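Bear in mind these aren't lab numbers, they're just calculated from the coordinates by the rules spelled out. Because the structure is a prediction, the values reported are computed rather than measured.
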Amino acid sequence: MRNGLVVLGVLLLLVGLVWVGQGLGYIKGSFMTGDVKWFWIGVLVGVAGLALGVGALRAGRHPHP
């Protein structure tokens, strides 16, 4: 389960970065290109992915006695 959440977090982060690039006009060829709305959506998705991945990694750690 933990590994799946980490993978999902990384995928969300990557999708968010692509949407940020499209929203800012750096990645061409989409209806999202140059639309600042997609920049903000990408930021939100990327932050959510980062939080999910980091949270999953931290939850898997067990303190040593």
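Along its first, second and third principal axes, ordered by size, region 12-57 spans 35, 15, 12 Å in Cα coordinates. In the chain, the longest principal axis of the Cα atoms and the axis of helix 2-23 are about 20 degrees apart. Between 0 and 90 degrees, the angle of helix 36-59 with respect to the longest Cα principal axis of the chain falls at about 10 degrees. A helix-only calculation puts the chain at -25000 deg cm²/dmol for mean residue ellipticity at 222 nm, using -39500 (n - 2.57) for each DSSP H run of at least four residues, averaged over all residues.
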